[in-house]
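Structure first, commentary second.
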Amino acid sequence: MSNAASIQTTMMRLAEVYGAASEPFLEGQARRLGEALGLFERLYGPGPVDVFRAPGRVNLIGEHTDYNHGYVMPMALDKDILLLVRPREDGLVRLQNVETAFEARVFQIGPDIPPRPAGDWANYAQGAAQLLAREWGPTLKGFDGLVDGRPPWGVPRGSGLSSSSALTVAVAMALVALNRLPLSGPRLADACGRAEWYVGTRGGIMDQFISILAQRDHALFLDCRPRTPSGEYYYEQVPIPPGYRVVVVDSRTKHLNTGPLFNRRVAEGRIGVRLLQRAYPHITHLRDVGDIPWEDLEPLLPEVITAEALRAQGIDPVAILEAGRDPETDVFFVRRRCRHVWYENRRVLESVRALQRRDTATFGALISAAHASARDDYEISTPAIEALVEAAQAAPGCLGARITGAGWGGCIVALVEAGAVADFEHFVKEAYRARTGLEAEAFICRSAPGAGRIFSTTL
Ligand code: GLA
């Protein structure tokens, strides 16, 4: 094929993947792919290569509900991670990154891969490989790989947009494809969720599900309670009404180590369940009390309780998390955390109904209500995020805005009238700068389809 014809074919393939994106967007993606393929050849020599991509996500509503078996509604971004791979005959994974700040890593696939220090980028790949080795046999074959998550096409890191899950998903998909494992869709997403516990946080399944099951221009409504032990879930694609845009604004602030804070929230929900089980013995997760009026539940949950008081009641707040994870606190705010989860689940269900009847005003109001709950009851906001959310809620064309992702910094998400996006961005950035001296970064979420192999060639 001539060079021009091959560029044409690449552009057509990228248009298929990213949809009716603009010319400059597709040209940029083609350049990105070309550069990554060139670097792959320099690193690993000529031969075949497969390119996998996995998108990041923005969560529209349903925060900190997934690990309580509740409801979520995220949407995939067109910002993703590319993973270029060439199969190996042995069980080694050699990983390089186009960004030299991420040093090369090598590991052997197996059921007990020693984790690297917390924060090391290879832990996400190792977590995926270990989980697959445990569940599909230790003799999986590895690959030589190159990761490309560079801005502006990559998922912004540490911003609550799930760059880490995108890496886990891309590595898992590559290993599944190269080893021809019969694992895809919800079962693969469920496996990727468990794979990520390897890094030390006890998160849910939202990020991995949306990265794998996303459809263009749709949010994903997901019920995080498995329907069967083999990993079947209820989910539904929910179209975003025409005439509105989902805008993500990055506060450019991040909390360095959110792991213990996150695990503490998980522990508080589980403590709530243990206390509620006295009145409702059948329940296993907070989601199970969704039909009981909150007023009946609230008196059963202390506003705050110490570890000592819990132990006296036979509840060990450390053992309540899986081995090796410590909530690192002696005080638990059980009532308000459970209240957030209880109302947040309702808000997600109401949001789905509102979107189905294209009632964006109600959906916007639910988004803003979710923020108030995340701030006051779940306490995951920060002063910078408050400045941003307040600015967004007051900005032209905005129907609702909230913090998105795990919290403690990162991004907010807003529903904005399509015609007002430019004014919205301008207003929010100015107001944020005036209040904090910081520069926010905004982009429209152009949703992309879920992860997969997008390209195969021989170098
Ligand atoms: C992180 C976790 C998710 C979810 C969110 C909060 O992104 O990985 O599973 O719990 O936080 O909604």
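The values are calculated or read from the model by the stated rules, or taken from the named source; none is laboratory data. Predicted, not measured: the structure shown is a model, and the values here were computed from it. Note: ideal-geometry Cβ built from the backbone for every residue, glycine included; neighbour counts use all protein chains shown. These accessible areas exclude ligands, DNA and RNA; they are computed on the full protein's heavy atoms, side chains included. Shrake-Rupley method; radii C 1.70, N 1.55, O 1.52, S 1.80 Å.
Quick look at the numbers
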read-out	value
Residue count, segment 300-314 (criterion: within 31 Å of the chain's Cα centre (by Cα) and at pLDDT below 95)	1
Test for Glu63: is it over 24 Å from Ser456 (Cβ atoms) and either more than 14 Å from the ligand (Cβ to nearest atom) or not aromatic (Phe, Trp, Tyr) (or both)	yes
From Arg347, Arg335, Arg339, residue being open to solvent by less than 30 Å² (accessible area, probe 1.4 Å), touching a helix residue (DSSP H, G or I) at 6+ places or on another chain (Cβ under 9 Å), at pLDDT 95 or above and within 22 Å of His69 (Cα to Cα)	Arg347
Yes/no for Phe209 being away from the ligand (no atom under 12 Å from the Cβ), among the aromatic types (Phe, Trp, Tyr) and open to solvent by less than 20 Å² (accessible area, probe 1.4 Å)	no
Count of residues meeting criterion [charged (D, E, K, R) and within 22 Å of the chain's Cα centre (by Cα)] in segment 80-115	2
The listed residue being within 16 Å of the ligand (Cβ to nearest atom) and either small (Gly, Ala, Ser) or farther than 27 Å from Arg53 by Cβ (or both), out of Gly407, Gly437, Gly400	Gly407
Selection status of Ala442, buried (at least 17 other Cβ atoms within 10 Å of the Cβ) and part of a helix (DSSP H, G or I)	no
Cβ pairs under 7 Å, 6+ apart, first in segment 3-20 and among the polar types (S, T, N, Q), second surrounded by 10 or more Cβ atoms within 10 Å (Cβ to Cβ)	Thr10/Ala30; Thr10/Leu33
Hey, Arg287 within 16 Å of the ligand (Cβ to nearest atom) and either among the small types (Gly, Ala, Ser) or in contact (Cβ under 8 Å) with a residue 60 or more places away in the chain (or both) or not	yes
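The rows are residues; the columns are (1) open to solvent by less than 10 Å² (accessible area, probe 1.4 Å); (2) of a type in the set (Ser, Thr, Tyr); (3) away from the ligand (no atom under 16 Å from the Cβ).
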{"site": "Gly154", "(1), (2), (3)": "yes, no, yes"}
{"site": "Ser165", "(1), (2), (3)": "yes, yes, no"}
{"site": "Arg180", "(1), (2), (3)": "no, no, yes"}
{"site": "Asp190", "(1), (2), (3)": "no, no, no"}
{"site": "Ala195", "(1), (2), (3)": "yes, no, no"}
{"site": "Val199", "(1), (2), (3)": "no, no, no"}
{"site": "Gln215", "(1), (2), (3)": "no, no, yes"}
